[in-house]
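Here the structure is laid out as structure tokens; the discussion comes afterwards.
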Amino acid sequence: MASRPTKNRERAFRNMMRKIISDLWKGQLHNAAQTPSEQPLGRKSSYIHIARDNLQRLDLFKPAQFLHTPHNQLPLLRLRTQSTSYISTHFHLSNTLTYTPYVERYCSSCLPLQIFGNEAHTLLHCPHSSPLAQPAIHSLMLNLRRFDLWAWATYTDTPKVAMLLRSIPPKLDRQHEMVWVLITFPTCTQLIYSFNLSLVLPNPLSSSLPPSPPLSCPRLHHMIFTAKYVRVRLTNIKCFFLTFVTQDGLYTAFSHPLPPSHMEPGNASYASRATSYPRQ
Amino acid sequence: MHLATVEAIRRACQVQALALAASYSLQYDKNSSQLTPTQNLGLWKAIVLPHFLQNLWYIQSGTDIKKLQTSLNLSLARALHVYGDHTAFLANTGISPLQLTKYVHLAQLHFRLTMTRPETLPALLFKKLNTSSPLSHMHTTTLDYHIRHATHAFK
């Protein structure tokens, strides 16, 4: 049996090797992310672009800091590992089960406009989903000011997305990193859960079932999220489909044979705010 | 070592089923609740990961290493129910690619044979057989070649 000093020396050597291997691993990741153009060409390079600052941690053999919290961080892990159901670039198969090239994965909410539906578009620019990120952005702006860092507007899209996904902002002192993680934890968690609740569309078939929201309810005036035509699978009937985001985080939907522009203002005062799409 | 790879994958799958069953049954235990992702990851690291790492330094074929890596990626994804990009997943959970882990193991073995236990029989054989011959003269399938290749990778 090996003596204790021998074991300690081997353990110390292993820890030293881990740092060297971490550097090798970082090098491999950065090489994988390098593309001729600055635009990421796949999910892997997109992840590395977003998590560039997060990957600078000393020991890559330890889990990322956001996983150390006792709460369920799986939604955030799914978003960071590019496996959500509400960001278009995370889907490699189209509706017809054919492969879609990464650069042709357009935002499904902005169709028929062909806008690249990556994380930056969904979280920051998409007119349908970006309002959900506004509270988190406001909170991050305050935190950046508190830590005497550059203002939110001075960052490009990639660091902004990284901060929304609980990465450490650039130029933050190492002694403040843990405080930043703790302060931004509720903000970012709330953001991810609101995206999960709001952007995962329900099954169109179940949407034709009651309950339907009261049409003249004033609380729904600013909460309408999206409106589009869908085809009900079994009956093959096209109907209009509206999705609402309520203040308590729940969502509901209902179908209507007429588009919002044909509805009477008295019945649906909120309908003019919905984005309507032509009948296909 | 192809059979060792197949056996490692088989055992890992078998143990992973056990880990999933333990995790599932804990949901219905009166004294405990559903495991957090960190606890699930710890459970997976404790009982499934060792099967992938056990004989790693003997496996020389690149195809076998890739096969092990694919199996590890799938196993980890199933354990946490996250089916995203594998590179991102490994970086977030702190599990290095097997090729890099193999370098660590081989360098550790080299350290053991040359520094901490130089008086043992394997260490004496390693010293006798390898000090004189340059790396280019060694056969690529030997363990000694891979040890020295790994130590060269760090320089």
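Only residues that are of a type in the set (Val, Ile, Thr), assigned to a helix (DSSP H, G or I) and within 21 Å of residue A:49 (Cβ to Cβ) were counted in the range B:58-92, giving 1. Here residue A:56 meets each of (1) closer than 25 Å to residue A:194 by Cα; (2) without any contact (Cβ under 8 Å) to a residue 40 or more places away in the chain with one exception, condition (1). When A:206, A:212 are screened for being at pLDDT below 50 and assigned to a helix (DSSP H, G or I), only A:206 passes. Residues in the range A:13-44 that are modelled with pLDDT under 85 and of a type in the set (Gly, Ala, Ser): 4 in all. Of the residues making up the range B:1-37, those that are of a type outside the set (A, V, I, L, M) and either assigned to a helix (DSSP H, G or I) or at pLDDT 90 or above (or both) are B:2, B:5, B:7, B:10, B:11, B:13, B:14, B:16, B:23, B:24, B:25, B:37. Residues considered: A:128, A:121. Of these, the only one that is assigned by TED's automatic domain parsing to the domain that holds residue A:79 and either outside any helix (DSSP H, G or I) or surrounded by fewer than 18 Cβ atoms within 10 Å (Cβ to Cβ) (or both) is A:128.
For the range B:16-45, give me each residue that is of a type in the set (Lys, Arg) and more than 12 Å from chain A (Cβ to nearest Cβ).
Result: B:30, single match.
Could you list, in sequence order, the residues of the range A:170-201 that are surrounded by fewer than 15 Cβ atoms within 10 Å (Cβ to Cβ) and outside any helix (DSSP H, G or I)? Selection gives A:170, A:171, A:173, A:200.
Before we move on, is residue A:113 within 14 Å of chain B (Cβ to nearest Cβ) and exposed (fewer than 14 other Cβ atoms within 10 Å of the Cβ)?
No; evaluated as a whole, the condition is false for this residue.
Among the residues of the range A:98-111, the one identified as without any contact (Cβ under 8 Å) to a residue 24 or more places away in the chain and assigned to a helix (DSSP H, G or I) is A:104. State whether the residues of the range A:90-97 include one that is over 20 Å from residue A:186 (Cα atoms) and assigned to a helix (DSSP H, G or I). Yes, the range A:90-97 contains at least one residue that is over 20 Å from residue A:186 (Cα atoms) and assigned to a helix (DSSP H, G or I). Is at least one residue of the range A:77-86 in a helix (DSSP H, G or I), touching a Ser or Thr at 6+ places or on another chain (Cβ under 7 Å), within 14 Å of another protein chain (Cβ to nearest Cβ) and not aromatic (Phe, Trp, Tyr)? Within the range A:77-86 (the criterion being in a helix (DSSP H, G or I), touching a Ser or Thr at 6+ places or on another chain (Cβ under 7 Å), within 14 Å of another protein chain (Cβ to nearest Cβ) and not aromatic (Phe, Trp, Tyr)), the answer is yes, since at least one residue qualifies. For residue B:155, the conditions (1) at pLDDT below 90; (2) away from every other protein chain (no Cβ under 14 Å) are fulfilled apart from (2). Among the residues of the range A:40-72, which ones are at the interface with chain B (Cβ under 7 Å from one of its Cβ atoms) and among the charged types (D, E, K, R)? Passing the criteria: A:43, A:44, A:62. Every condition in (1) modelled with pLDDT of 85 or more; (2) assigned to a helix (DSSP H, G or I) holds for residue B:95 except the one numbered (2).
Scanning the range B:38-57 for residues that are among the aliphatic types (A, V, I, L, M) and in a helix (DSSP H, G or I) yields B:41, B:43, B:46, B:47, B:49, B:53, B:56.
The values are calculated or read from the model by the stated rules, or taken from the named source; none is laboratory data. What you see is a predicted model, and the numbers here were worked out from it, not measured in a lab. Here the Cβ is made from the backbone with ideal geometry for all residues, glycine too, and neighbour counts use every protein chain on show.
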